[in-house]
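Just so it is clear, none of the values below were taken in a lab; they were calculated from the coordinates. Every value quoted in this text rests on a predicted model; they were computed, and no experiment measured them. Cβ sites come from the backbone with ideal geometry, for glycine too, and all protein chains shown count toward neighbours.
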Amino acid sequence: MINKSVKTILLVFGTRPEAIKMCPLISELKKRNSIRTVVCVTGQHRQMLDQVLKVFKVKPDYDLSIMKEKQTLFDVITNIMNHIKRVLEEVNPNVVLVHGDTSTTFAAALACYYLQIPVGHVEAGLRTYDIWSPYPEEFNRQAVSILSQFNFAPTELSRNNLIREGKKADTIWVTGNTAIDALRTTVCSDYTHPELDWVGKSRLILITAHRRENLGEPMYHMFKAINRVMNEHPDVKAIYPIHMNPIVRRIAVDVFGEKAINGKEERIHIIEPLDVIDFHNFMEKSYLILTDSGGIQEEAPSLGKPVLVMRNTTERPEGIEAGTLKLVGTEENVIYSEFSKLLIDNNEYEKMSKASNPYGDGHACERIANILEFGKSEFV
Ligand code: UD1
Ligand code: UDP
């Protein structure tokens, strides 16, 4: 017998960052007696998604397994649309939760719209208002906001974006970002790793890069700038857990050389993607982070780690306001001078390394679960 008072919540996600921010929510929802929690991964990412699922011990109920090497936006969207209909019809959920701004997010929300299933958008209301930057994420999140009935905004600022766009106030809740919930479970004081032993007493520079609009010339500029600075500062070491995108890997080898990938470069190690526990602890031990990632911009402020954001826009102005993030674009000379400055100028470094918490208190998942279970976010 199906208990009619039990709501079915289906979570759909497919990439590493979505998984990192949805897995803590899955754990929270699974604690609720009146909620049946079902998980569908699209497999837009494979290895990088599985790393996260393993850490959080999440076993998806459905896996669409759509990833292909060098997949295009067309591949991702059409494959998800073709496979998800059956899952949505079989699960028949009361609400589908999607996260953020990936192609998985957009395709899943669109499929729900076609089947007239309510959508809840976790991490709603982030905006650059430039649909080409980040591409296609800005379009994806704006499109999902048109469709979603439950909008879980991480900050007041993101809530205000939605209100300005005409979303009804009673469909928006400010919850904090679930990234901070994840961060509370991963960083530990006695953490060790052989790569950190290699870094020793040197200052650690942590690097990541993957944005679609940066593939090509901008990424060459970014890596060349980093290389120049590394050559001028023998007291720093860099670790770059590289994204699995083969285009990113080719550019990294072109600029940093095979030696960096083989661990034979003296001060730059390019390594396989770290699992989220390792990565958060590497962040915690780092001196400075250079990235074009979105999620890292949320995590770094609460760890008090300066981030040079190698992009021209950000949908996360809270971290800039807090002083932890600086937008440095993708011009080689600008990145070179901003990176050099933070290694040389202690005052500048100190200004950026104050911990702050624009993304909440780490209880976002409880709030979201409360809204879904009781219709209100207060703790009960
Ligand atoms: C995707 C998201 C982006 C998000 C990023 C997080 C879209 C359009 N882009 O970009 O918003 O910031 O994930 O990392 O939704 N690959 C593997 N194994 C993996 C993952 C990727 O081999 O586990 C390789 C594949 O060759 C794949 C390529 O990387 O074709 C690109 O993956 P894709 O998901 O299309 O784009 P991302 O740049 O990862
Ligand atoms: N991350 C990770 N391992 C790595 C690099 C990043 O676990 O080697 C985590 C990071 O802490 C953050 C998320 O992955 O939570 C960011 O993912 P990514 O940069 O791929 O995507 P974006 O946030 O830009 O969408």
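Calculated on the Cα set of region 221-276, radius of gyration then Dmax: 11.0, 31 Å.
Within the chain, the selection of entire DSSP H helices by a Cα span of 20 Å or greater along the long axis and an average Kyte-Doolittle value of at least -0.5 returns 16-30, 73-91.
Each part gets one Cα centre, and for region 213-233 versus region 136-192 those centres are 31 Å apart.
How high is the relative contact order of the chain, given as a whole-number percent (alpha carbon pairs under 8 Å, six or more residues apart)?
16
Between amide H atoms placed 1.01 Å from N, distances below 5 Å from R36 occur with K7, T8, I9, all of them 5 or more places distant or on a separate chain. Calculated FRET efficiency, E331 to D235, Cβ-Cβ distance, R0 = 30 Å: about 0.70 to the nearest 0.05.
For the pair region 1-65 / region 266-283, the C-alpha centres are spaced 25 Å from each other.
Modelled this way, with points 7 Å down the Cα-to-C-beta line, the labels at E89 and W198 are 5.1 nm from one another.
When only the Cβ of Lys, Arg, Asp and Glu is charged (+1, +1, -1, -1), the dipole of region 262-380 relative to its Cα centre reaches about 200 debye.
Ordering 222-234, 147-159, 344-356 by mean Cβ neighbour count within 10 Å, with the highest value first, yields 147-159, 222-234, 344-356. Estimated from helical segments only, the mean residue ellipticity of the chain at 222 nm is -14000 deg cm²/dmol, where each DSSP H run of four or more residues counts as -39500 (n - 2.57). Dipole check for region 31-159: with +1 at the C-beta of Lys and Arg, -1 at the C-beta of Asp and Glu, and the Cα centre as origin, the magnitude is about 460 Debye. Using only alpha carbon pairs under 8 Å that are at least six residues apart, calculate the relative contact order of region 283-380 and give it in whole percent. Value for region 283-380: 24 percent. Taking 17 Å as the cut-off, the amide N atoms of region 288-327 that come nearer than this to a point 7 Å along the Cα-to-beta-carbon line of E156 belong to 317-323.
In a reduced charge model with +1 at each Lys and Arg Cβ and -1 at each Asp and Glu Cβ, the chain shows a dipole moment near 800 debye about its Cα centre.
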